[in-house]
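Okay, structure first, notes after.
The values are calculated or read from the model by the stated rules, or taken from the named source; none is laboratory data. This one's a predicted model, so the numbers in the text were calculated from it and none came from an experiment. Glycine also receives a Cβ, built like all others from the backbone with ideal geometry; neighbour counts cover every protein chain displayed.
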Amino acid sequence: MTDRRKFEEKERLMREILNKEKERNRANSSGKDIPITLTTGSGDDANIDKTVDSVNSMSQMLSGASKATSDLLKNADRSFDELRKLLTNQQKDLENLSRDNGFNQTEMERVQREIEKDYGLTPEEANRPSVIKNIDSGKLFEEVLEELDDAIVGQNDALRQLCIAFRRPFVMGTDEGKPKNVILITGPNGSGRHACVAQMAKSLFAHRAIGSDDVYTIDMSLYQSGAQEQIFLQDLYKDLSGHGEIICFENFETGFPSFLRMVDSLVCEGKVTLSKRYVLNKGILVENQTGLVKDAVDSLSAAGKYLVFITTRGTKAVQDAFGANFLYHVLDFVTLTPFTEEDAREYTDIQSNTLEEKAAKNLKLAATVKQDLRDWVITNYDKSNGSDALDGLFNDFYISLSQGALMENLPSGTPVLLTVKDGLPSAIFNEKAITLTRSKTSAEEIEAVNKELDEIVGLETIKSYIRSLQNHIRMQEIRRAQGLKTSEISKHMIFTGNPGTGKTTIARLISRYMKAIGALSQGQLVEVTRADLVAQYVGQTAPLTMSVIKSALGGVLFIDEAYSLYRGKDDSFGLECIDTIVKAMEDHRDNLIVILAGYEREMAGFLESNSGLKSRFPNLIHFPDYTGEELRKIAEIQAKSKGYIIAEEAILPLEEYFDKVQSINAAEAGNGRLARNVVEDAILKQSGRVVADPNAKIDELRREDFDFTIKVKPADEFKDLREFSQMLNSAQ
């Protein structure tokens, strides 16, 4: 394109823009509305260069026009909306030009940057409805309250409190650089705390009172060590710089202290000053490693945000986490109450109608939820979890109904009655019935674990304790469903005993058993020692320990030779590890079992290293050494598992041998490991005998195959006492 042609195109765009603005001004004075539109130039020499230059000129002219009419755009929402539409259309034109005329990516990005520079708006922002200024907050929140009442069951007082909290900045105004408001929402699980906030955001956005219906949530329990500072700041920056104006903080009761101080600063000061220099890399906050930079980020601001803190524990938990000055800056307290039976019935009716609609829309079934099923739900849902428990039940109903529809290949329009049959929720169709409940317990797995427990030799007291846990957990579920107080017991344990007494085997069965009865969500066993938990450098132990704990969540963390974690008062790394474990046990007490294992006397000294250890491990289980008879039974089981039998002639000598070895030094002998080693040695010796005698039974272990030589030495009791005394002295 020639310079002359560029000048003519520029003049044409200028005249068009100014004429449209004059028409706009005349229309405003006459009460009419004329939209702003622009056209692209045309000519015989139109080409890619011309199109690019025309779009660039358009951006520049629009920038000049926006400055010339700044007062109009600031004070007239309708005009500003038209400008947004104009930018949206311009973006579409750019996409069409790119497709039709072959724009490359670099040219498109350059034009896009100029649009954003001229107007400070991205295409996404241009598509957002503008926020109405000078809004009538009284009328607005009357309508919002009605919408909240329609969407949220019960909680009438709390909804009014919530409306007051969100209306406050519309009435009082907001100090520059400070949050719009700081709100504390308390209430039991399932009372609708999160749902209230989400609906508030939805309603305010629909009324154009806020710029987005996004609600950001920061779970403070996810950040448990100083090593996660950059991750925490990245997440915090993303939410503070996002379009959403509502940020919720939850689980702050278990938050890491330094991160809690940052949040406290956001509330009290409106910003948090960063201790390191950060920069933005593709929109992500990263620590700068190259010295001074032009656009460094040295603080994060909460200006223009609603900061909402959600808890089940009341104001005391907030003060414990943040302090009294924090509470001084909380202007609104919203308290939700537990579900009443009336609330539960109303919510059940809503969920029943929703289930019928989902069945019709997705499964193509004519489902009807009968009144007896609704009554069953009211009687049996977990009262301590309110709406969350009801949501879970109806979700199970829908999943079970879907499974039935798939398995039976039900045709479209099949009538289905959702009712109670034989005391259980059921779906009845074509004279068939399927159960709608989905239990967290596994009868097959419980039976399998019980069978393995029965096969374990000895340990009768320990096996009885494990089985008693099922009855207790089942009873607590019944009490919870009836709205009664539950009495949770600590499931953390200490296993003491010599090597080979079955501690690891029992720990593995406990993890499976707890999963089977629904006490744990995953049921895995994570076996670790000091080397897996304690790092070699300052600041690394807590993150390492937390990573191991996270891998064990939902299961059992088994720490063998746990007393090795503490090597005296100067072992700062070991003490840091222990402190981290104790805190995690409290934070995840419903979904983590920690088992400490080791020698009895050493474990006694270890429990003194941290004042919180003793109280958190009330279940002390001692694994006694095996008797000769028990080891003989173990040897027979070991032989059978390998395809052999022990001849009758070897039974008594074997038992007498085990008795003698155990009486000399059971700890050194290895208990169950002794039985395994004796059998494996006998199998090797038997192989030579069978090869030499073709008539011999190849699956029989005879007396001559066993080596009854005593190889252990008597225990040095005085040595053990000296070592134990030294350990206690070093701990003082």
_Give me the residue from region 285-314 that is over 24 Å from A201 (Cβ atoms) and among the hydroxyl-bearing types (S, T, Y) and, out of that set, modelled with the highest pLDDT._
S299
*Can you name the residue in region 645-663 that is β-branched (V, I, T) and over 16 Å from G500 (Cα atoms) and, of all such residues, is surrounded by the fewest Cβ atoms within 10 Å (Cβ to Cβ)?*
I645
*Inside region 564-618, can you point out the residues that are among the acidic types (D, E) and touching a Ser or Thr at 6+ places or on another chain (Cβ under 7 Å)?*
E576, D587, E600
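Quick check, is E147 within 30 Å of T348 (Cα to Cα), at pLDDT 90 or above and over 34 Å from the mean Cα position of the chain (by Cα)? Spell out how you get there, then give the answer.
On the way: within 30 Å of T348 (Cα to Cα): yes; at pLDDT 90 or above: yes; over 34 Å from the mean Cα position of the chain (by Cα): no.
For E147, the condition - within 30 Å of T348 (Cα to Cα), at pLDDT 90 or above and over 34 Å from the mean Cα position of the chain (by Cα) - is not met.
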*Hey, can you tell me all the residues within region 618-668 that are farther than 27 Å from F495 by Cα and β-branched (V, I, T)?*
I645, I646, I651
*If you take the residues of region 688-698 that are surrounded by fewer than 12 Cβ atoms within 10 Å (Cβ to Cβ) and of a type outside the set (A, V, I, L, M, F, W, C), which of them is nearest to the chain's Cα centre (by Cα)?*
G688
*Filter region 362-385 down to residues that are at pLDDT 85 or above and of a type in the set (G, A, S) and give me whichever is nearest to S191 (Cα to Cα).*
A367
*Qualifying positions in region 393-410 - of a type in the set (A, V, I, L, M) and surrounded by 14 or more Cβ atoms within 10 Å (Cβ to Cβ)*: L393, L401, A405, L410
_Being under 26 Å from G386 (Cβ atoms), among the aliphatic types (A, V, I, L, M) and at pLDDT 90 or above is true for just one of L140, L184. Which residue is that?_
L184
*Does region 152-181 hold any residues that are surrounded by fewer than 17 Cβ atoms within 10 Å (Cβ to Cβ) and closer than 19 Å to S387 by Cα, and which are they?*
N156, D157
*asked:* Could you check region 200-234 and list, in sequence order, the residues that are farther than 22 Å from H588 by Cβ, within 25 Å of the chain's Cα centre (by Cα) and of a type in the set (G, A, S)?
replied: A201, S212
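Here's the yes/no breakdown for (1) closer than 30 Å to T419 by Cβ; (2) within 27 Å of the chain's Cα centre (by Cα):
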{"site": "G283", "(1), (2)": "no, yes"}
{"site": "G304", "(1), (2)": "no, no"}
{"site": "V308", "(1), (2)": "no, yes"}
{"site": "A317", "(1), (2)": "no, yes"}
{"site": "F322", "(1), (2)": "no, yes"}
{"site": "H329", "(1), (2)": "no, no"}
{"site": "T337", "(1), (2)": "no, yes"}
{"site": "E342", "(1), (2)": "yes, no"}
{"site": "Y347", "(1), (2)": "yes, yes"}
*Cβ-Cβ below 6 Å, separation at least six or inter-chain, first residue in region 516-528 and closer than 14 Å to V594 by Cα and touching a residue at least 60 places away in the same chain (Cβ under 8 Å), second surrounded by 18 or more Cβ atoms within 10 Å (Cβ to Cβ) and not small (G, A, S): which pairs?*
L520/M514
*State all residues of region 533-546 that are outside any loop (DSSP other than H, G, I, E, B) and either touching a residue at least 60 places away in the same chain (Cβ under 8 Å) or loosely packed, with under 15 Cβ neighbours inside 10 Å (or both); if no residue qualifies, say none.*
A542, P543, M546
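Can you name every one of the helices (runs of 4 or more DSSP H) wholly within region 547-644 that holds 3 or more residues which are buried (at least 17 other Cβ atoms within 10 Å of the Cβ), in contact (Cβ under 8 Å) with a residue 40 or more places away in the chain and not assigned by TED's automatic domain parsing to the domain that holds K697?
Numbers: elements: 572-587, 600-606, 611-616, 628-641.
Helices (runs of 4 or more DSSP H) meeting the threshold: 572-587, 600-606.
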*asked:* Out of V197, V144, I need the residue that is touching a helix residue (DSSP H, G or I) at 6+ places or on another chain (Cβ under 6 Å), touching a residue at least 40 places away in the same chain (Cβ under 8 Å), in the same structural domain as A303 (by TED's automatic domain parsing) and β-branched (V, I, T). Which one?
replied: V144
